[in-house]
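Worksheet for the structure shown next.
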Amino acid sequence: MYPHNNTDNREKSTDESFLVDVQRNGKVRPWQAKKSASVSYFELLHILEFKKAPRVRDCGSLLEFKANDEGRLKLAKAYFCKSPLCPMCNWRRAMKHSSQTKQIVAEVVKRKPKARWLFLTLSVRNAIDGEDLDKSLRDMTKGFNRLFGYKKVSKNLIGFMRATEVTVNAEDGTYNQHMHVLLCVEPSYFNSTENYINQTQWRHLWKKAMKLNYLPIAHIQTVKPKNKKKSDIHSAIDETAKYPVKDSDYLTNDQEHNLTVVKDLEKGLFRKRRISYGGLLKELHKELNLDSVEDGDLVKTGDDEEDDIGDEAYSVVAQWNWNIANYVVKKPKRGK
């Protein structure tokens, strides 16, 4: 393990407590779990001698919250490294992505109440290493742009939101790169065979756009709810707002595997745009003055907008303690 010569390498004193950040719905935000995973990711980067390793080490190490007497916390200041694989940053990105897309979709529904929503998944053959993944993701972006330039696809399209995800095949160690696309279409999309694109047609259009010599995966479905607690559109938003890479894919008990996967993913995801909007959804993203999910502010994610802690809020600082692998909070000192 990498040695951490931090000033907080000490046991918890009597005037300190562990960080507990409870949401309004009663769920505890997983700060400790995400930071622990981020530390494991940093250690892999350190072994691989990535220059950004120190940035990842410091990610989320010091958190400043605004708090009230009821114990509610709202993050006010923090440093996030914004590395594509960082578990801490991807957790924050997923919350922000979901919040932003819900805002955009709500506005689309106001302006286009009769619009229909579809969920499209696009994939190609698995990549075998980082170099192959890098090329495949670049090709997929070009292919996606060609696909949505086809008249058959564009003529009933209102807008879309696209998110790229990469998963690791546990059996052979290859990488499955795919795109989740939330589509908003005019009702006329379903009116005739001239407008409607069935499953087979989507696959052939995707093959054409990708210039492949085989038939790739393209799965289309109308948006449906996963359960009674979520609306259909929110279920689709949650699917597209998933982490681009699950940290469980590279934080296993096999360090050699972990090092190989991190090296490949860092190569494959380098300078790739993983989230994009098009059509009306892109226009609304700009109109609503929303910043980038990938490179923007990860302190304000939108998930805590309803957490009004009032005007009497005071500051609470939580610092990561490397010895006990948890956030330690000093009891705040307040005046009269």
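The values are calculated or read from the model by the stated rules, or taken from the named source; none is laboratory data. The shown structure was predicted, so the numbers you read here are calculated from the model rather than taken from an experiment. Every residue, glycine as well, gets a Cβ built from its backbone with ideal geometry; the counts of neighbours run over all protein chains shown.
A few comments on the model shown:
- Taking the criterion of being under 12 Å from C89 (Cα atoms) and without any contact (Cβ under 8 Å) to a residue 60 or more places away in the chain, the residues of the stretch 25-50 that qualify are K34, S38.
- Any hit, the stretch 229-250, residues being at pLDDT 95 or above and part of a loop (DSSP other than H, G, I, E, B): no
Let's see how each residue does on (1) closer than 24 Å to N253 by Cα; (2) of a type outside the set (S, T, Y); (3) at pLDDT below 95:
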| residue | (1), (2), (3) |
| --- | --- |
| K35 | yes, yes, no |
| S38 | yes, no, no |
| F42 | yes, yes, no |
| R57 | yes, yes, no |
| L62 | no, yes, no |
| K66 | no, yes, yes |
| R72 | no, yes, yes |
| T101 | no, no, yes |
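- Y150 meets each of the listed conditions (1) in contact with a helix residue (DSSP H, G or I) (Cβ under 8 Å, 6 or more places away or on another chain); (2) loosely packed, with under 14 Cβ neighbours inside 10 Å; (3) modelled with pLDDT under 95 apart from (3).
- Checking the stated criteria, S61 turns out not to satisfy the condition of being among the hydroxyl-bearing types (S, T, Y), closer than 24 Å to R271 by Cα and out of contact with any helix residue (DSSP H, G or I) (no Cβ under 7 Å at 6 or more places or on another chain).
Listed here are the residues, each with its yes/no results for (1) more than 24 Å from the chain's Cα centre (by Cα); (2) assigned to a strand (DSSP E or B); (3) crowded, with 18+ Cβ neighbours inside 10 Å; (4) modelled with pLDDT of 90 or more.
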position: L298; (1), (2), (3), (4): no, no, yes, yes
position: G302; (1), (2), (3), (4): no, no, no, no
position: E305; (1), (2), (3), (4): no, no, no, no
position: D308; (1), (2), (3), (4): yes, no, no, no
position: E312; (1), (2), (3), (4): yes, no, no, no
position: V316; (1), (2), (3), (4): yes, yes, yes, yes
position: Y327; (1), (2), (3), (4): no, yes, yes, yes
position: K333; (1), (2), (3), (4): yes, no, no, no
position: K336; (1), (2), (3), (4): yes, no, no, no
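- Residue in the stretch 95-103 that is more than 25 Å from T200 (Cβ to Cβ) and without any contact (Cβ under 8 Å) to a residue 40 or more places away in the chain present: no
- Contact map, the stretch 127-153: first residue in the same structural domain as N195 (by TED's automatic domain parsing), second residue of a type in the set (S, T, Y) and in a loop (DSSP other than H, G, I, E, B), Cβ cut-off under 8 Å, separation 6 or more or different chains; pairs are A127/T174; I128/T174.
- Test for N176: is it within 17 Å of T240 (Cβ to Cβ) and surrounded by 14 or more Cβ atoms within 10 Å (Cβ to Cβ): yes
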